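> The structure is given below, and queries will be raised subsequently.
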Amino acid sequence: MSVSSCICYRTDFASLKAIADASGGGLQELHAATGCGSRCGLCIPYIRAMLLTGLVELPPMLPNDFKKLGIRCSTLERLVTQLESRGEPVTHDAEAAARLTDSPNLQLDQSAQKA
(Lines give C-alpha, C1' and ligand atoms only; values in the text may rest on other atoms or scores of the structure.)
Protein backbone atom coordinates (compact mmCIF):
# COMPACT_ATOMS: atom_id res chain seq x y z
CA MET A 1 0.00 0.00 0.00
CA SER A 2 1.25 3.47 -0.81
CA VAL A 3 0.09 7.07 -0.60
CA SER A 4 0.05 8.54 -4.09
CA SER A 5 -2.65 11.21 -4.25
CA CYS A 6 -4.72 13.93 -2.62
CA ILE A 7 -7.97 12.07 -2.10
CA CYS A 8 -10.06 15.20 -1.50
CA TYR A 9 -9.27 16.59 -4.95
CA ARG A 10 -8.56 13.26 -6.65
CA THR A 11 -5.19 14.52 -7.82
CA ASP A 12 -2.32 12.06 -8.02
CA PHE A 13 1.17 13.03 -6.93
CA ALA A 14 2.53 12.31 -10.42
CA SER A 15 0.35 15.15 -11.74
CA LEU A 16 1.40 17.42 -8.88
CA LYS A 17 5.07 16.63 -9.50
CA ALA A 18 4.65 17.44 -13.20
CA ILE A 19 3.13 20.80 -12.31
CA ALA A 20 5.91 21.54 -9.80
CA ASP A 21 8.62 20.48 -12.25
CA ALA A 22 7.16 22.62 -15.04
CA SER A 23 6.59 25.69 -12.88
CA GLY A 24 9.45 25.39 -10.42
CA GLY A 25 6.83 25.95 -7.74
CA GLY A 26 6.35 24.41 -4.35
CA LEU A 27 3.48 23.58 -2.04
CA GLN A 28 1.83 27.00 -2.23
CA GLU A 29 1.84 27.01 -6.01
CA LEU A 30 0.45 23.47 -6.14
CA HIS A 31 -2.27 24.46 -3.69
CA ALA A 32 -3.19 27.51 -5.77
CA ALA A 33 -3.26 25.48 -9.00
CA THR A 34 -5.13 22.42 -7.71
CA GLY A 35 -6.67 23.13 -4.31
CA CYS A 36 -4.74 20.20 -2.83
CA GLY A 37 -4.19 20.61 0.88
CA SER A 38 -7.17 22.88 1.51
CA ARG A 39 -9.73 20.34 2.71
CA CYS A 40 -8.60 17.70 5.20
CA GLY A 41 -4.90 18.65 4.97
CA LEU A 42 -3.60 15.13 5.35
CA CYS A 43 -1.90 15.27 1.95
CA ILE A 44 0.25 18.28 2.87
CA PRO A 45 3.14 16.39 4.52
CA TYR A 46 3.04 13.82 1.71
CA ILE A 47 3.18 16.56 -0.94
CA ARG A 48 6.13 18.10 0.90
CA ALA A 49 7.82 14.68 1.00
CA MET A 50 7.10 14.23 -2.71
CA LEU A 51 8.68 17.61 -3.48
CA LEU A 52 11.70 16.74 -1.33
CA THR A 53 12.28 13.21 -2.59
CA GLY A 54 10.82 13.26 -6.10
CA LEU A 55 8.85 10.10 -5.25
CA VAL A 56 5.19 10.02 -6.31
CA GLU A 57 4.35 6.90 -4.30
CA LEU A 58 5.18 7.15 -0.62
CA PRO A 59 4.74 4.68 2.22
CA PRO A 60 2.11 5.48 4.84
CA MET A 61 4.00 7.50 7.46
CA LEU A 62 3.42 8.79 10.97
CA PRO A 63 4.45 12.22 12.32
CA ASN A 64 7.85 10.99 13.56
CA ASP A 65 8.64 9.68 10.07
CA PHE A 66 7.94 13.11 8.60
CA LYS A 67 10.02 14.80 11.32
CA LYS A 68 13.04 12.79 10.14
CA LEU A 69 12.57 14.53 6.80
CA GLY A 70 12.24 17.94 8.45
CA ILE A 71 8.50 18.09 7.68
CA ARG A 72 5.90 19.27 10.21
CA CYS A 73 2.48 17.66 10.01
CA SER A 74 0.19 19.10 12.68
CA THR A 75 -3.02 17.76 11.10
CA LEU A 76 -1.66 14.22 11.11
CA GLU A 77 -0.35 14.67 14.66
CA ARG A 78 -3.84 15.69 15.85
CA LEU A 79 -5.42 12.71 14.08
CA VAL A 80 -2.96 10.23 15.61
CA THR A 81 -3.53 11.76 19.08
CA GLN A 82 -7.31 11.44 18.69
CA LEU A 83 -7.10 7.82 17.55
CA GLU A 84 -4.70 6.87 20.34
CA SER A 85 -6.90 8.57 22.96
CA ARG A 86 -9.80 6.38 21.82
CA GLY A 87 -7.64 3.29 22.07
CA GLU A 88 -7.64 2.71 18.32
CA PRO A 89 -4.48 1.18 16.89
CA VAL A 90 -2.31 3.45 14.78
CA THR A 91 -0.07 1.37 12.56
CA HIS A 92 2.01 1.83 9.46
CA ASP A 93 4.74 0.06 7.56
CA ALA A 94 7.66 1.16 9.72
CA GLU A 95 10.17 -0.65 7.50
CA ALA A 96 8.99 1.14 4.35
CA ALA A 97 9.02 4.50 6.11
CA ALA A 98 12.53 3.83 7.44
CA ARG A 99 13.77 2.91 3.94
CA LEU A 100 12.61 6.34 2.80
CA THR A 101 13.68 8.45 5.78
CA ASP A 102 17.03 6.68 6.32
CA SER A 103 18.03 6.54 2.64
CA PRO A 104 21.60 7.78 2.03
CA ASN A 105 20.40 9.17 -1.31
CA LEU A 106 17.80 11.25 0.47
CA GLN A 107 20.46 12.77 2.69
CA LEU A 108 22.35 13.81 -0.44
CA ASP A 109 19.17 15.35 -1.84
CA GLN A 110 18.59 17.34 1.35
CA SER A 111 22.21 18.57 1.35
CA ALA A 112 21.90 19.66 -2.27
CA GLN A 113 18.73 21.62 -1.51
CA LYS A 114 20.38 23.52 1.37
CA ALA A 115 23.41 24.50 -0.69
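The values are calculated or read from the model by the stated rules, or taken from the named source; none is laboratory data. Model, not experiment: these values are computed from the prediction. With ideal geometry, Cβ positions are generated from the backbone for all residues, glycine too; neighbour counts draw on all protein chains shown.
> When you go through (1) surrounded by 15 or more Cβ atoms within 10 Å (Cβ to Cβ); (2) closer than 19 Å to residue 100 by Cα one by one for residue 1, which number turns out not to apply?
Tallying (1) surrounded by 15 or more Cβ atoms within 10 Å (Cβ to Cβ); (2) closer than 19 Å to residue 100 by Cα, residue 1 fails exactly one: (1).
> Related question: Quick check, is residue 103 of a type outside the set (Lys, Arg), at pLDDT below 90, out of contact with any Gly (no Cβ under 7 Å at 6 or more places or on another chain) and under 23 Å from residue 39 (Cβ atoms)? Full working, then the answer.
On the way: of a type outside the set (Lys, Arg): yes; at pLDDT below 90: yes; out of contact with any Gly (no Cβ under 7 Å at 6 or more places or on another chain): yes; under 23 Å from residue 39 (Cβ atoms): no.
Criteria not met by residue 103.
> Now a separate question. For region 53-74: of the residues being touching a helix residue (DSSP H, G or I) at 6+ places or on another chain (Cβ under 7 Å) and assigned to a helix (DSSP H, G or I), which is surrounded by the most Cβ atoms within 10 Å (Cβ to Cβ)?
Ranking the qualifying residues of region 53-74, first place goes to 65.
> Let me ask another. For region 10-52, how many residues meet the condition of being more than 15 Å from the chain's Cα centre (by Cα), surrounded by 15 or more Cβ atoms within 10 Å (Cβ to Cβ) and not in a helix (DSSP H, G or I)?
The number of residues fulfilling the criteria is 1.
> Go through region 75-102 and report how many residues are outside any helix (DSSP H, G or I) and either touching a residue at least 40 places away in the same chain (Cβ under 8 Å) or not basic (Lys, Arg) (or both). So that I can check it myself, show each step before the final result.
Filtering region 75-102 down to residues outside any helix (DSSP H, G or I) leaves 86-93, 102.
Still in the running and either touching a residue at least 40 places away in the same chain (Cβ under 8 Å) or not basic (Lys, Arg) (or both): 87-93, 102.
Residues that pass the stated criteria total 8.
> Kindly establish whether residue 57 is modelled with pLDDT of 80 or more and closer than 19 Å to residue 4 by Cβ. Outline the logic, then answer.
Working: modelled with pLDDT of 80 or more: yes; closer than 19 Å to residue 4 by Cβ: yes.
When the stated conditions are applied, residue 57 passes them.
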